[in-house]
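Here is the structure we will look at, set down as structure tokens.
Quick note: the coordinates plus some simple rules give every number you see, no bench work behind them. Predicted, not measured: the structure shown is a model, and the values here were computed from it. Don't worry about glycine lacking a Cβ; one is built from the backbone with ideal geometry, like all the others, and counts go over all protein chains shown.
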Amino acid sequence: MKKYNFNAGPSMLPREVIENTAKQILDFNGSGLSLMEISHRAKDFQPVVDEAEALIKELLSVPEGYSVIFLGGGASLQFTQVPANFLHTKAAYLNTGTWANKAMKEAKLYGEVVEVASSKDANYTFIPKNFDVPADADYLHITTNNTIYGTEIRKDLDVCVPLIADMSSDIMSRPVDVSKYDCIYAGAQKNMSMAGVTVIIVKNDKIGKASRQLPTMLNYVTHVEKGSMFNTPPVVPIYSLLETMRWVKRNGGVEAMDKLAKQRAEIVYGEIDRNKLFKGTVAEEDRSLMNICFVMNEEYAELEKPFFEFATERGMVGVKGHRSVGGFRASCYNAQTIEGCNALVQAMKDFEAKY
Ligand SMILES: *Cc1c(COP(=O)(O)O)cnc(C)c1O
């Protein structure tokens with residue numbers, strides 16, 4: 001049976017990305033060696049890093065003066081690395097969910113953390129707006145897409161202090177004005193690659209100014225100066241990232257990804273709003289286009305498990321909601337197809353017809 005992958009992360013990748021990466025794992029560029037067996041310093045591999053970097057810059061229109069680096073440690077390491085490099089006395093954080101909280105926890109090890117606003121009391125069902133940022137904060141940190149709660153900030157904020165964003169789960173899904181950010185980071189396994197590599201886009205004149213001695217590996221300068229080759233980078237994840245960036249480009253770039261994301265969201269949210277069994281969990285204006293969260297309406301609460309089983313029988317994978325929200329979550333990253341969304345909607349309609 002055909003499977004429709006709605007996993008929140010690691011998540012669906014374009015089939016051709018997986019196939020092309022698999023080919024290189026078997027025989028890298030006709031060398032008779034596997035991508036897994038070659039040195040990251042091999043002359044054939046440097047072009048992979050160079051092209052991946054160039055494509056990220058091209059697709060996101062990254063201005064002059066920024067570097068793109070590939071590191072291990074996931075987005076979670078960035079929760080530490082960002083304040084280690086950029087927090088001098090005080091940093092501002094917008095609390096929009098689990099990942100923002102984890103970022104704040106690490107930042108507290110390096111200085112004062114000001115929570116500028118929070119939607120915690122409403123179980124993170126909306127994005128706080130009109131909050132004040134202390135003018136003397138070293139930066140404001142935001143999570144552009146809240147993977148667990150299904151809210152998203154789909155515009156680039158204007159703030160009076162440097163802006164830093166965790167874009168792990170919506171990078172490459174829309175055009176971004178990179179010039180508004182000092183640093184953008186994203187674990188690749190939601191929208192760019194398999195797990196194992198984190199992409200960091202950082203403004204060159206902001207690094208190398210930390211207020212403390214940094215371990216070599218935590219200093220962005222180390223990795224910028226060595227072009228992500230200070231130590232052995234995650235070779236296979238970088239390769240599959242390159243394949244995904246090529247795929248994004250072939251398919252019209254981030255403008256086309258944005259359009260598709262809106263189409264998918266319209267299909268799925270449209271059905272959630274129409275179907276008497278279901279309701280969305282977040283404020284309409286803050287609905288994520290990437291992670292679509294919904295629950296059973298109260299009067300049909302007992303149908304949660306039966307619907308999950310029904311959808312699973314239809315080939316849906318990964319539609320169970322995160323335990324902190326419950327219900328369902330359909331993750332619709334770039335690789336998600338309109339066909340997949342229609343299949344989910346058909347399952348919702350057919351299930352409703354039984355009641
Ligand atoms: C998944 C996720 C993370 C954690 O990423 P790791 O690579 O597992 O450390 C952080 N932030 C957001 C928004 C995420 O979706």
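Please report the net charge: other residues with Cβ closer than 14 Å to the Cβ of GLY252, K and R +1, D and E -1. Don't skip to the answer; put the middle values down first.
Values: positive: ARG174, ARG246, LYS249, ARG250, LYS259, LYS262; negative: GLU58, GLU255, ASP258.
Local charge sum for GLY252: +3.
Take each uninterrupted DSSP H stretch in the chain, measure its Cα extent along the helix axis, and return the ones at 30 Å or beyond whose mean Kyte-Doolittle hydropathy is at least -1.0.
253-274
Note down the Stokes-Einstein diffusion coefficient of the chain in µm²/s, whole number, using a Kirkwood radius over alpha carbon pairs, 4 °C, and 1.567 mPa s.
Taking Rh from Cα pairs, D becomes 61 µm²/s.
With only alpha-carbon atoms in the gyration tensor, what are the semi-axes of the equivalent ellipsoid for the range 241-355, in Å, largest first?
27, 14, 13
Could you tell me which of ALA103, VAL317, VAL114 has its Cα farthest along the dipole of the chain towards the positive end, charges placed at Cβ (Lys, Arg +1; Asp, Glu -1), taken about the Cα centre?
Toward the positive end, the furthest listed residue is VAL317.
Compare PRO234, PRO306, PRO162 in a GNM of the chain, Cα atoms joined below 10 Å, and give the one with the largest fluctuation.
Most flexible of the set in this elastic network: PRO306.
Just name one of LEU59, MET1, GLN213: the one whose Cα is farthest towards the positive end of the charge dipole of the chain (beta-carbon charges, Lys/Arg +1, Asp/Glu -1).
MET1
Looking at the range 5-75, which GluC sites (Glu not before Pro) are in a loop (DSSP not H, G, I, E or B) and have at most 14 other Cβ atoms within 10 Å?
Of the GluC sites (Glu not before Pro), the ones in loops of the range 5-75 whose Cβ has at most 14 other Cβ atoms within 10 Å are GLU37, GLU64.
What does the charge dipole of the chain about its Cα centre add up to, to the nearest 20 debye, if the Cβ of each Lys and Arg holds +1 and the Cβ of each Asp and Glu holds -1?
440
What is the sum of charges around MET296, taking Lys and Arg as +1, Asp and Glu as -1, for the other residues whose C-beta is under 9 Å from the C-beta of MET296?
After counting each charged neighbour, the total is -3.
Where does the range 157-207 land on the Kirkwood hydrodynamic radius, alpha-carbon pairs, in angstrom?
11.6
Can you give the charge dipole size of the range 283-331 about its Cα centre, rounded to the nearest 20 debye, using +1 on the beta carbon of Lys and Arg and -1 on the beta carbon of Asp and Glu? Present the calculation step by step, with values, prior to reporting the outcome.
Working: 6 positive and 9 negative charges, 68 e Å.
Roughly 320 debye for the range 283-331.
Determine the principal axes of the Cα atoms in the range 230-286, then give the extent along each, sorted from largest to smallest and rounded to whole angstroms.
Reported extents, whole Å, longest axis first: 54, 26, 19.
May I ask you to list the chymotrypsin sites (Phe, Trp or Tyr not before Pro) in the range 76-175 that are in a DSSP loop and have at most 15 other Cβ atoms within 10 Å of their Cβ? Intermediate values should be presented prior to the final figure.
On the way: sites: PHE79, PHE86, TYR93, TRP99, TYR110, TYR124, PHE126, PHE131, TYR139, TYR149; in loops: TYR110, TYR124, PHE126, PHE131, TYR139, TYR149.
When the chymotrypsin sites (Phe, Trp or Tyr not before Pro) of the range 76-175 are filtered for loop state and at most 15 Cβ neighbours within 10 Å, PHE131 remain.
If I build a Gaussian network model for the chain, linking alpha-carbon pairs within less than 10 angstrom, which residue out of MET257, MET192, MET36 has the largest mean-square fluctuation?
MET36
Give the long-range amide H neighbours of THR151: residues separated by 5 or more places, or on another chain, with amide H under 5 Å away, using H modelled in the peptide plane at 1.01 Å from N.
ASN146, SER288
Treat every Asp and Glu Cβ in the range 257-344 as -1 and every Lys and Arg Cβ as +1, leave all other atoms uncharged, and give the resulting dipole magnitude about the Cα centre to the nearest 20 debye.
That gives a dipole near 240 debye.
For a quick check of your reading of the filter: which trypsin sites (Lys or Arg not before Pro) in the range 6-58 sit in a DSSP loop and have no more than 10 other Cβ atoms within 10 Å?
Here the trypsin sites (Lys or Arg not before Pro) that fit, given the DSSP loop and packing criteria, are ARG41, LYS43.
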